[in-house]
Amino acid sequence: MTFLNDAQPLPNAPLPRHTACPGLLRIVQARDGGICRVKLPGGRLSAAQALAISAAAERHASGVLEITNRANLQIRGVRGGEEQALIDALLAAELGPRNSAADDVRNLMLSPAAGVDPQQRLDVRPLAEQLLSLLENNERLHQLSAKFALQLDGGEGMAMLEHHHDLWISALDAQRFAFGLASSPSEALAAVNADQVPTLVNACLELFLQRANPEHTRMRHLLKQMPTSDFLTALQARLPFPLQQEADVLEWRRPAAEPWAHLGIGEQRQAGLRHLGAAPVLGRISASQLAGVAQLAADALYFTPWQSLLLRDVAAAQAPDLMAKLNALGLLTDSAAPLARIVACSGSSDCSKGLSASKADALLLADLLANRGPIDQVHLSACTRSCAAAHVAPHTLLAVAEGRYDLYTRDSNAAGFGRLLARNLTILEAADTLTAQPQTMEAP
Ligand code: SF4
């Protein structure tokens, strides 16, 4: 399984450094028009910026936007000849990188509830700001591929722990951070003090760039040729402080995240305040929906790696009313609804690599699953590239022909999408087979 994007650069767009992935300054072509990806610091978008993106998507594109599984936002259907006007509108809304060469490397994932989550060990937002500045200001790091990604974890209950990151850093307590490579926060390689994290990250990334071959775009590629223990030894040689590898660090295990915390009303650590989670159908939000949410937000919207959004700092008494308004905009807030448990890539309607119209198939599947009881997350992928999910979902339907799918179930003993359960199913057959499976109710 690979995680690539099908899109090709437009002839008049800036040349990519290492990738054909979309960026704010590099609009790439798909079947439904150009794609422009806006990277958001910690998934945060101010209400004013959301209104600006909404207006720009209406004016220069199809008015369809997509929340990515890295908590960014991309504008689809950019019209030919309007690319620069769109870019100018986004830059005017201060959505661009501080350094134009750094757009691709702004890949730092936080919990969308960072700073307000009751379970967090500390508020990682100030440290995140330091790390983003490092990524933008150290020109050597601009050689990293657009796919190279970091995760900064404050121990929040609302946490994406399924995505593998090239480097993750997770709070052991308020003073120390554990870290690991090419995995998700779980077992640590070592730990450092909180004030040492920026130095650690810089040294780790520079070491990767020094040792990686041009074809090594991700940490896992390098670690296939360089044992992790050798990488750690070389890393230690670059650091002015010792890596901590005492038993309490090596025995530490990241506590489990709270499944489905990104939808519905949740308590904040601040007394009397709530966060509200809602998801657009299959990750796509219209410009008018985005503007509607922006008008409900007190200050900002926070996008999540579950292709949903969060409003924060809502007074508890106002939360039910605001939830109803999010529902009225067409957003899903009930995590038990089948449509909230399905993710699907663009599919053959918008992507030339697609073997089936996975979005339309997903809507049909959700209809068929209604009233059949709770179901684990289902991922429909119209080819093996798995653009819609950077993790292995509990169930995966992989298209093999128009309207036909192979069904896999997540299994730690099986590579790729998991264990093959059934071949060449129609969507109707898939619904029947899925509901006959035992549901684990694990995290998506
Ligand atoms: S068909 Fe889907 S998974 Fe395949 S490249 Fe296109 S969007 Fe990605």
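The values are calculated or read from the model by the stated rules, or taken from the named source; none is laboratory data. Computed from a predicted model, the values in this text were never measured in an experiment. Every residue, glycine as well, gets a Cβ built from its backbone with ideal geometry; the counts of neighbours run over all protein chains shown. Side chains are part of the model used for accessible areas, which takes the heavy atoms of the whole protein and leaves out ligands, DNA and RNA. Shrake-Rupley method; radii C 1.70, N 1.55, O 1.52, S 1.80 Å.
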Against the condition touching a residue at least 24 places away in the same chain (Cβ under 8 Å) and touching a His at 6+ places or on another chain (Cβ under 9 Å), how does Ala382 come out, does it pass?
no
Of (1) open to solvent by less than 10 Å² (accessible area, probe 1.4 Å); (2) in a strand (DSSP E or B), Leu181 fails just (1)
Only unsatisfied item for Gly277, checking (1) open to solvent by 70 Å² or more (accessible area, probe 1.4 Å); (2) in the same structural domain as Glu58 (by TED's automatic domain parsing); (3) touching a residue at least 24 places away in the same chain (Cβ under 8 Å); (4) small (Gly, Ala, Ser), is (1)
Within segment 326-340, of all residues that are surrounded by fewer than 17 Cβ atoms within 10 Å (Cβ to Cβ) and not in a loop (DSSP other than H, G, I, E, B), the one nearest to the chain's Cα centre (by Cα) is Asn327
At least 2 residues that are open to solvent by 30 Å² or more (accessible area, probe 1.4 Å) and more than 9 Å from the ligand (Cβ to nearest atom) in each: list the strands (runs of 3 or more DSSP E) lying fully within segment 353-413 that qualify.
395-401, 404-409
Residues of segment 55-69 being over 17 Å from Leu282 (Cβ atoms) and open to solvent by 10 Å² or more (accessible area, probe 1.4 Å), which ones?
Ala55, Glu58, Arg59, His60
For a quick check of your reading of the model, give me the residue pairs whose first member lies in segment 312-329 and is closer than 18 Å to His262 by Cβ, whose second is among the polar types (S, T, N, Q) and part of a helix (DSSP H, G or I), with beta-carbon atoms closer than 7 Å and at least 6 apart or on different chains.
Leu329/Gln289
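Considering segment 118-129 alone, what residues qualify as being open to solvent by less than 10 Å² (accessible area, probe 1.4 Å) and part of a loop (DSSP other than H, G, I, E, B)? Walk me through it before giving the result.
The initial filter retains those residues of segment 118-129 that are open to solvent by less than 10 Å² (accessible area, probe 1.4 Å), namely 124, 128.
Within segment 118-129, Val124 is the sole residue that qualifies.
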How many residues does segment 414-428 contain that are in contact with a Leu (Cβ under 9 Å, 6 or more places away or on another chain), free of Cβ contacts under 8 Å to residues at least 40 places away in the same chain and not in a loop (DSSP other than H, G, I, E, B)?
5
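If you take the residues of segment 414-425 that are away from the ligand (no atom under 16 Å from the Cβ) and farther than 23 Å from Pro374 by Cβ, which of them is surrounded by the most Cβ atoms within 10 Å (Cβ to Cβ)? Before you say what the answer is, go through the steps one by one.
At the first step, the residues of segment 414-425 found to be away from the ligand (no atom under 16 Å from the Cβ) are 414-415, 418-425.
Imposing the further condition that a residue be farther than 23 Å from Pro374 by Cβ reduces the set to 414-415, 420, 423-424.
Values: Ala414: 13, Ala415: 8, Leu420: 15, Arg423: 11, Asn424: 11.
Among those that are away from the ligand (no atom under 16 Å from the Cβ) and farther than 23 Å from Pro374 by Cβ, it is Leu420.
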Considering only segment 91-112, state which residues are more than 20 Å from Thr217 (Cα to Cα) and touching a strand residue (DSSP E or B) at 6+ places or on another chain (Cβ under 6 Å).
Leu95, Leu110, Pro112
Within segment 201-259, the count of residues that are touching a helix residue (DSSP H, G or I) at 6+ places or on another chain (Cβ under 8 Å) and open to solvent by less than 50 Å² (accessible area, probe 1.4 Å) comes to 21
Within segment 290-311, of all residues that are closer than 18 Å to Gln270 by Cα and open to solvent by 20 Å² or more (accessible area, probe 1.4 Å), the one modelled with the lowest pLDDT is Ala298
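Out of segment 341-352, which residues are assigned to a strand (DSSP E or B), more than 10 Å from the ligand (Cβ to nearest atom) and within 15 Å of Ala431 (Cβ to Cβ)? Walk me through how you get there before you give the answer.
We begin by selecting, within segment 341-352, every residue assigned to a strand (DSSP E or B); these are 342-344.
Okay, now just the ones that are also more than 10 Å from the ligand (Cβ to nearest atom), so 342-343.
Residue satisfying the conditions is Ile342 alone.
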